[in-house]
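Enquirer: Here it is, the structure, as structure tokens.
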Amino acid sequence: MTTLILTVAGADRPGLVAAVADVVDAHGGNRENSSLAELAGTFAGVIEVSVAPEHADELQDALRGLQGQGLLTLAVLTGAPADSDAEDRVLEIQVLGNDRPGIVREVSGVLHAHDLSIEELATETRDAAMAGGRLFEASVIARVPASVDLDALRHDLERIATEVQVDITVA
């Protein structure tokens, strides 16, 4: 099977997901994984599709045809599923605090410095009901190589938490 990675973005409207699903199905593709969301009136997402190699070019052409139907962008990349080391661990990291610029940069910098790979990152800001202002919340799922010193990682995350004044929980 050939793996295609689709990135889609466009003004949010009913039928965007169905349009992509119809084209994938019509060309014998199978939707494997996806992450889709509406943000500030724009619909965006990433979709992993598997398809028989002999249908991959036709599927890619058909998907590109959707660009004229309301999608602002649609990119199709040929990918291969990532192999993970059997000894890798997965960590869940939660960040919560007053919103300010640079939180994602600081946290992701620590993860990068310790060779962690971010598999999933979701962020949200919302009104802080009791205190006023805005709250920032992030949820990170990261793959940790067996060679990583977890105590050193936790120490560096605690240092960043103090510097940017957020709570960071590692599970």
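Enquirer: Which of these values of P(r) over Cα pairs in 10 Å bins from 0, in percent was calculated from the structure shown: (i) 9, 29, 26, 25, 11, 1; (ii) 10, 33, 26, 10, 7, 7, 5, 2, 0; (iii) 11, 43, 35, 10, 0?
Expert: Correct label, based on the coordinates given: (i).
Enquirer: Through the Karplus equation 6.51 cos²θ - 1.76 cosθ + 1.60, θ set to phi - 60°, convert the phi angles of the stretch 60-65 into ³J(HN,Hα) values in whole Hz; use x for Gly and Pro.
Expert: Once θ is set to phi - 60°, the couplings for the stretch 60-65 become 4, 4, 5, 5, 5, x Hz.
Enquirer: Local charge sum around residue 43 (other residues, Cβ-Cβ under 9 Å, Lys/Arg +1, Asp/Glu -1)?
Expert: Working: positive: 13; negative: 12, 38.
Charge balance near residue 43 sits at -1.
Enquirer: Quick check on the exposure proxy: order 1, 130 from fewest to most C-beta atoms within 10 angstrom.
Expert: Working: 1 13, 130 5.
Listed from fewest to most nearby Cβ atoms, that is 130, 1.
Enquirer: Here's something else I'd like to know. Helix-only estimate, please: 222 nm mean residue ellipticity of the chain, summing -39500 (n - 2.57) across DSSP H runs of length 4 or more and dividing by its residues, to the nearest 500.
Expert: It lands at -9000 deg cm²/dmol.
Enquirer: Just rank 107, 23, fewest to most, by other beta-carbon atoms within 10 angstrom. Please report the intermediate quantities before stating the final value.
Expert: Working: 107 23, 23 20.
Least to most surrounded, the residues fall as 23, 107.
Enquirer: Quick one: helix 16-26 against the long Cα principal axis of the chain, what's the angle to the nearest 10°, folded into 0 to 90?
Expert: 50 degrees
Readers should treat all values here as calculations from the given coordinates under stated rules, not as data from a laboratory. The structure presented is a predicted model; accordingly, all values stated were derived computationally and were not measured. Glycine also receives a Cβ, built like all others from the backbone with ideal geometry; neighbour counts cover every protein chain displayed.
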